[in-house]
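S.K.: I have a structure here, written as structure tokens, and I will follow up with some questions on it.
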Amino acid sequence: MSKGPGKVQREIAALIEADPDGAWAYEELGRLIYGWAGRPQKSAVGRALKTMRLPGTWTVMQASFRNDRRFWLFDPCRLESWRKIAGPRCDPANFQPGGVYFNWTEEAQRRAARHKALREAGWTTRDVGDAVLLHEVGKVLGKSAMHQMVEFQLKAGERAHRRMLRQMAWLVSHPEKNPP
């Protein structure tokens with residue numbers, strides 16, 4: 001039985017509260033919490049973040065640019081968080097309207113607003129994820145195919161529902177293999 005947030009989770013929450021525009025790689029979090037960051041410290045940070053409920057729109061993502069494959073804790077709805085991940089050598093035009101990071105921030109804000117509206121309408125977090133996935137599949141496959149999938153989902157049980165969602169996620173991630 002859980003006794004509440006552990007030391008690492010409390011430290012991470014304090015960091016987020018102290019710097020709402022922050023962005024930290026796992027290594028940085030390990031150094032800030034433990035004083036140094038070896039493999040066990042990074043693993044402890046990962047376990048803490050996996051079980052921790054992050055505030056607002058904070059998330060953990062793996063960077064896939066600048067040959068940087070580290071995991072980052074940041075708020076994608078804040079441009080300053082992106083600025084800290086991108087580093088000082090990044091072109092300032094990317095943070096202006098029309099720039100890459102600016103567009104990513106706007107997209108994250110749109111998604112957060114859509115999720116908030118669905119949650120306020122009484123949807124659970126799992127339902128919100130399913131609805132967003134269904135919306136993406138509808139854009140890829142077209143309305144008729146999506147309606148057939150939803151009808152199948154309603155007739156099938158929970159196991160079939162999960163399997164169908166995995167298949168739909170694969171279809172969205174591989175648009176070149178979708179039927180015309």
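S.K.: For the stretch 68-102, enumerate the residues that are among the polar types (S, T, N, Q) and either closer than 26 Å to residue 49 by Cβ or modelled with pLDDT under 85 (or both).
M.R.: Hit for the stretch 68-102 is 81, nothing else.
S.K.: I would also like to ask the following. Taking residue 93 as meeting all but one of (1) of a type in the set (Gly, Ala, Ser); (2) more than 24 Å from residue 115 (Cβ to Cβ); (3) in a helix (DSSP H, G or I); (4) in contact with a helix residue (DSSP H, G or I) (Cβ under 7 Å, 6 or more places away or on another chain), write down the number of the exception.
M.R.: Exception for residue 93: condition (4).
S.K.: Keeping to the stretch 20-64, report how many residues are charged (D, E, K, R) and touching a Cys at 6+ places or on another chain (Cβ under 8 Å).
M.R.: Matching residues across the stretch 20-64 total 0.
S.K.: Let me ask something else about it. Can you say whether residue 83 is surrounded by 12 or more Cβ atoms within 10 Å (Cβ to Cβ) and in contact with a Cys (Cβ under 9 Å, 6 or more places away or on another chain), as far as the supplied structure shows?
M.R.: Judged against the criteria, residue 83 is a match.
S.K.: Any residue in the stretch 65-78 that is surrounded by 15 or more Cβ atoms within 10 Å (Cβ to Cβ), more than 25 Å from residue 115 (Cα to Cα), free of Cβ contacts under 8 Å to residues at least 40 places away in the same chain and hydrophobic (A, V, I, L, M, F, W, C)?
M.R.: no
S.K.: Still on this structure: Tell me, which residue of the stretch 1-20 that is among the small types (Gly, Ala, Ser) and not in a helix (DSSP H, G or I) is nearest to residue 45 (Cα to Cα)?
M.R.: 6
The values are calculated or read from the model by the stated rules, or taken from the named source; none is laboratory data. Since the model is a prediction, treat every value here as computed from it, not as a measurement. Note: ideal-geometry Cβ built from the backbone for every residue, glycine included; neighbour counts use all protein chains shown.
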